[in-house]
Amino acid sequence: MSEVTVTADRREADKRLRITEIFFSIQGEARFTGWPTVFVRLTGCPLRCSYCDTAYAFTGGDWWTIEDVLAEVARYDARHVCVTGGEPLAQARCTDLLSALCDADFEVSLETSGAIDIGAVDSRVCRVVDIKTPGSAEVDRNLWSNLELMDQSDALKFVICDRRDYEWVRGVLDERALPPCPVFFSPSHDELEAGTLADWILEDRLPVRLQVQLHKVLWGDVPGR
């Protein structure tokens, strides 16, 4: 194989993203909860959160061009598209995909760990940033400068595992300047009862929104739902 051919192959690979799955479901979290949504799950994640429910997306997947992703998404005839992972921003072409989806007139959201700079994400995208709590075992990966980049169209999420996590998040609310967007408290599915978290929020009169993972209420822990 000639050097020219190898270079051309590399250029072609640079135009693609590794994708674990594309599926149609009900959005279960954050601003667009309840909407029929096409999910594009990118492969790979540099984090290993204790409560991760998508470890199957750490490896594997298939290479897709952005054009092929757009065609597959359009097949479902839905307005809402969520790019998720893994950690989608770990792939360099993710931002190009997000912009292409916006250009195609989809309502686009991004689910990101908050460990990677969101500054290059298209401003038309709703960025759902998941700040890691101590219970996640990845609290040191938080990139706090991301908070300064968020606006009212975004969403901030905390997955809370126990009372210690809750107290830690209360400290964040008190000590840091948060962006002007909704703040969601989500109980870790197998570790904290939603009712218990609701009681804590009400007791402390916190200006946050409780969320449960609606898709798990509907279908349980089923991949691709």
> In region 25-55, what count of residues is obtained for those that are farther than 20 Å from residue 126 by Cα and among the small types (Gly, Ala, Ser)?
Replying inline: 3
> Tell me, which residue of region 90-111 that is in contact with a Gly (Cβ under 8 Å, 6 or more places away or on another chain) and of a type outside the set (A, V, I, L, M) is surrounded by the most Cβ atoms within 10 Å (Cβ to Cβ)?
Replying inline: 111
> Which of the residues spanning region 102-123 are over 16 Å from the mean Cα position of the chain (by Cα) and either of a type in the set (Asp, Glu) or within 15 Å of residue 22 (Cβ to Cβ) (or both)?
Replying inline: 103, 104, 105, 106
>> Looking for something touching a Ser or Thr at 6+ places or on another chain (Cβ under 9 Å), among the small types (Gly, Ala, Ser) and more than 27 Å from residue 217 (Cβ to Cβ) - is there at least one such residue anywhere in region 45-55?
In response: no
>> Restricting to region 17-69, and then to whatever is modelled with pLDDT under 95 and charged (D, E, K, R), can you tell me which residue is nearest to residue 181 (Cα to Cα)?
In response: 31
> Which one of 174, 165, 140, 199 is without any contact (Cβ under 8 Å) to a residue 24 or more places away in the chain, closer than 23 Å to residue 86 by Cα and outside any loop (DSSP other than H, G, I, E, B)?
Replying inline: 140
> Do you know which of the residues in region 134-148 that are out of contact with any Asp or Glu (no Cβ under 8 Å at 6 or more places or on another chain) and aliphatic (A, V, I, L, M) is surrounded by the most Cβ atoms within 10 Å (Cβ to Cβ)?
Replying inline: 147
>> Just to be sure I understand, how many residues within region 202-225 are of a type in the set (A, V, I, L, M, F, W, C), outside any helix (DSSP H, G or I) and within 20 Å of residue 35 (Cβ to Cβ)?
In response: 3
> Which pairs have Cβ atoms under 6 Å, sit 6 or more apart or on different chains, and link a residue in region 47-69 that is over 30 Å from residue 165 (Cβ atoms) to one that is of a type in the set (S, T, N, Q)?
Replying inline: 61/20; 61/43
> In region 74-91, which residues are more than 9 Å from the chain's Cα centre (by Cα) and of a type outside the set (Ser, Thr, Tyr)?
Replying inline: 74, 75, 77, 78, 79, 80, 81, 89, 90, 91
> Of all residues in region 35-51, which are over 17 Å from residue 106 (Cβ atoms) and either buried (at least 18 other Cβ atoms within 10 Å of the Cβ) or more than 14 Å from the chain's Cα centre (by Cα) (or both)?
Replying inline: 43, 44, 45, 47, 48, 49, 50, 51
>> Residues that are touching a Cys at 6+ places or on another chain (Cβ under 8 Å), at least 1 per element: which strands (runs of 3 or more DSSP E) completely within region 16-73 meet that?
In response: 16-26, 36-42
>> Please pick out the residue among 160, 131 that is within 15 Å of the chain's Cα centre (by Cα) and either crowded, with 16+ Cβ neighbours inside 10 Å or farther than 22 Å from residue 95 by Cβ (or both).
In response: 131
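The values are calculated or read from the model by the stated rules, or taken from the named source; none is laboratory data. Here the structure is a predicted model, which is why all the values come from computation and not from measurement. A quick note on method: Cβ atoms are made from the backbone with ideal geometry, for glycine too, and the neighbour counts reach across all protein chains shown.
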